[in-house]
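Visitor: Sharing a structure here in structure tokens format.
The values are calculated or read from the model by the stated rules, or taken from the named source; none is laboratory data. Here the structure is a predicted model, which means the values were calculated and not measured. Glycine gets a Cβ as well: all are built from the backbone with ideal geometry, and neighbour counts include every protein chain shown. Side chains included, ligands, DNA and RNA excluded: accessible areas come from the protein's heavy atoms. Shrake-Rupley method; radii C 1.70, N 1.55, O 1.52, S 1.80 Å.
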Amino acid sequence: MTTFPFFSVPYAKHFINGQFCDSVSGESFQVIDPTSEEAISTVERGNAADAELAVKAAKDSFMRGDWSRAKPSFRKEVLYRVADLIEKRSDEITYLQAKEMGEPVLDSSGKVAFYVARSAQNFRFFADEQAQAGDHAFNHEDRLMTYTMTDPVGVYALITPWNGPFMLSTWKMAPCLAYGNSAVHKSSELSPLSIQVLCEIFQEAGLPDGVYNSLMGYGAEVGPPLVSHKDVAGVSFTGSPATARDISGRVASQLKRTSFELGGKSACIIFDDADIDLAAKEASLAIYSTTGQSCVAGSRILVQESIYDEFLKKFEAEAKTWTIGDPLESETTLGPVVSEGQYDRVMSYIDIARGEGRVLFGGGRPEGLDKGYFIEPTAIVDAPNSSRICQEEVFGPVAVILPFKDDAEALSMANDSPFGLAGYIWSNSIERAHNAALRLETGMIWINSGFARDLRQPFGGVKDSGQGREGGMFSREFYTETRFASFPLNPRRDD
Ligand code: NAD
């Protein structure tokens, strides 16, 4: 066992106009470590007055133009520095994520941890994208030339959830800032610590004051005044469908741009011609990684009847390979869920599932872990696809496994869901997999692989899983305004 280095836990403050600051109201609350169940820090409790200050700072910076009108090469230089500093402080970010949400540090001490590396990559990718992507020119009949101009839009509200608090935040900030916008970021009240490091990094990297602002506090208090502020041009939100509906209702009449990355109950379809060992291993990773607190978790596993019993055995064997415990210990692969509220919610779903089907394994608190919000990797079988455990997002280490007869039944079960975020297809026939991909009603599909990312992919879902796509040129579309100018051409010949 390696001992992960200890870092001091910051007081979670607002970061407005380049300065850390307290709430106007003077109110605060506590951050709870999900492993020890103890308060480890204090968070500022923002409200409308803080949102007003943050939006003003962002708007002023946008109008000043030292970022919004800066050369793309300057923005690239600053964002590359941000990426370098993120990598340099990898251990500290990893430590704080373990403390705020129980994400295991794995064996990453002294190396750049996976999620931290991805965060740095987000900044480098969009720094390059904005510097390289050109505009268009259209020549109409040698008579009219039109060219496009791509501009930043203004101030965006970026709202992020508690899972993957650092990486998911950078996934929004990187394109938002790279294209020259200013941002007010609202991270989750449950996991506000690692973002404090990012604020310091922006300061050190030379991002002009006010371009990035961060608000702390409860979503219901600081979120509504932020999203509905008249100077906020767009909202990029990652979280639950219920909150997205609330935001949508507030901003629709203001005709704001919105992008919603929401929840899922993603199906993992395993056909009888799949590599069953690999499928069982990847299906286990797809549901139990991050203790099931992942939007793209493969939480509904559909297995062809002829291989169903064999799959259950292999899947259970895979589930036993997870090491549950303190996320700061290098052998731990499965940490606690984020909070007491989430622990109670997941346990209540397991209780509901007992009435709808049968617990195949897990279903309780792991032996020897009396403290902390720990839950065993759990699998439910014999529940119909119409049951709550098959239809609702649990957001914990709970898989539900169902058999299917043939391809048509697999797809009809997979699509019988209010969600449509991700789908995983396992088959050794590319025709069969492609046919399934054509019919699967989800925004993202991975064939014979787990969650594999290329930052150009259009990330997002259909139905209750979201609206809009982010990634590569799809982010460019959301975070920029395209205009055109045209002028007549002198004809080169008479006709
Ligand atoms: P949540 O909707 O409760 O909160 C998300 C964020 O919104 C938090 O920062 C919260 O403070 C803020 N918020 C809450 N009420 C608000 C309001 N009225 N106005 C504005 N902001 C408000 O979600 P959560 O529980 O933090 O996260 C879990 C959910 O996020 C799950 O459904 C999960 O699937 C989803 N998620 C989706 C993706 C994706 O990319 N599709 C990624 C991660 C998580």
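Visitor: Determine the gain in length on full extension of the stretch residue 439-residue 63; use 0.36 nm per residue of separation and subtract their C-alpha separation, reporting nm with one decimal.
Guide: Numbers: separation 376, 0.36 × 376 = 135.36 nm, distance 4.68 nm.
Full extension from residue 439 to residue 63 adds 130.7 nm.
Visitor: Jot down the per residue volume, in cubic angstrom and as a whole number, of the convex hull over the alpha-carbon atoms of the chain. List each step's numbers first, then the result.
Guide: Numbers: hull volume 80.7 nm³, N = 495.
In the chain, the Cα convex hull volume per residue is 163 Å³.
Visitor: Could you state the per residue volume, in Å³, of the convex hull enclosing the Cα atoms of the stretch 267-447? Before the final figure, lay out each step's value.
Guide: On the way: hull volume 19.4 nm³, N = 181.
Given the Cα convex hull of the stretch 267-447, per-residue volume reads 107 Å³.
Visitor: Separate question: Less than 11 Å Cβ to Cβ from residue 63, Lys/Arg counted +1 and Asp/Glu -1: what total charge do the surrounding residues give?
Guide: On the way: positive: 56, 59, 64, 69; negative: 60, 66, 231.
Net local charge, residue 63 excluded: +1.
Visitor: Percent relative contact order of the stretch 155-276, based on C-alpha pairs within less than 8 angstrom and at least six residues apart? If you can, show how the numbers build up before the last one.
Guide: Details: 166 pairs, mean separation 32.5, N = 122.
Once divided by the residue count of the stretch 155-276, the mean separation gives 27 percent.
Visitor: Ok, one more. Can you give me the Cα centroid spacing of the stretch 435-456 and the stretch 8-24 in angstrom?
Guide: Value for the Cα centre distance between the two parts: 40 Å.
Visitor: Something else about it: How much solvent-accessible surface does residue 245 expose, in Å² to the nearest 10, with a 1.4 Å probe and all protein chains in place?
Guide: Solvent-accessible area, nearest 10 Å²: 140 Å².
Visitor: Also: Once you list every other residue whose beta carbon is under 11 Å from the beta carbon of residue 343, what net charge do they have if Lys and Arg are +1 and Asp and Glu are -1?
Guide: -1
Visitor: Okay, next question. Only Cα pairs under 8 Å and at least 6 apart count here; give the relative contact order of the stretch 267-447 as a rounded whole percent.
Guide: Numbers: 330 pairs, mean separation 50.1, N = 181.
Here the relative contact order equals 28 percent.
Visitor: Let me ask something additional. 5 Å is the cut-off here: which amide hydrogens, built 1.01 Å from N in the peptide plane, fall below it relative to residue 450, excluding neighbours closer than 5 in sequence?
Guide: Answer set, sorted by chain and number: none.
Visitor: Here's something else I'd like to know. So which aspartates and glutamates can residue 405 reach, going by Cα to Cα under 20 Å and dropping same-chain residues fewer than 8 places off?
Guide: Answer for residue 405, where 20 Å is the Cα cut-off: 272, 273, 275, 305, 309, 310, 382, 416, 431, 441, listed by chain and number.
Visitor: Right, something else. Within a Cβ distance under 11 Å of residue 30, other residues only, what is the Lys/Arg minus Asp/Glu net charge?
Guide: Numbers: positive: 45; negative: 33, 38, 189.
Spelling it out: positives minus negatives among the neighbours equals -2.
Visitor: While we're looking at this one, here's another question. Separation of the stretch 55-102 and the stretch 359-433 by C-alpha centroid, Å?
Guide: 37 Å
Visitor: So how strong a dipole does the chain carry about its Cα centre when Lys and Arg Cβ are +1 and Asp and Glu Cβ are -1, to the nearest 20 debye?
Guide: Details: 47 positive and 68 negative charges, 307 e Å.
Computed charge dipole of the chain: roughly 1480 debye.
Visitor: Using only alpha carbon pairs under 8 Å that are at least six residues apart, calculate the relative contact order of the chain and give it in whole percent. Please report the intermediate quantities before stating the final value.
Guide: Numbers: 1136 pairs, mean separation 93.7, N = 495.
After rounding, I find 19 percent.
Visitor: Let me ask something additional. Trypsin sites (Lys or Arg not before Pro), restricted to the stretch 398-467: which are DSSP loop and have at most 16 other Cβ atoms within 10 Å? Don't skip to the answer; put the middle values down first.
Guide: Working: sites: 405, 432, 439, 453, 456, 463; in loops: 405, 453, 456.
Those satisfying the criteria are 405, 453, 456.
Visitor: Mind scanning 99/186; 186/371; 56/88; 13/172 and naming the pairs with a C-alpha gap bigger than 26 Å? Numbers along the way, then the final one.
Guide: Details: 99/186 19 Å; 186/371 30 Å; 56/88 32 Å; 13/172 20 Å.
From the list (99/186; 186/371; 56/88; 13/172), the Cα-Cα distance tops 26 Å for 186/371; 56/88.
Visitor: Taking amide H positions as placed in the peptide plane 1.01 Å from N, state which residues far from residue 445 in sequence (5 or more) or on other chains have amide H under 5 Å from it.
Guide: 423
Visitor: Once the Cα atoms of helix 165-178 and of the chain are each reduced to a long axis, what angle between those two axes, in degrees from 0 to 90 to the nearest 10, is obtained?
Guide: Once rounded, one gets 20 degrees.
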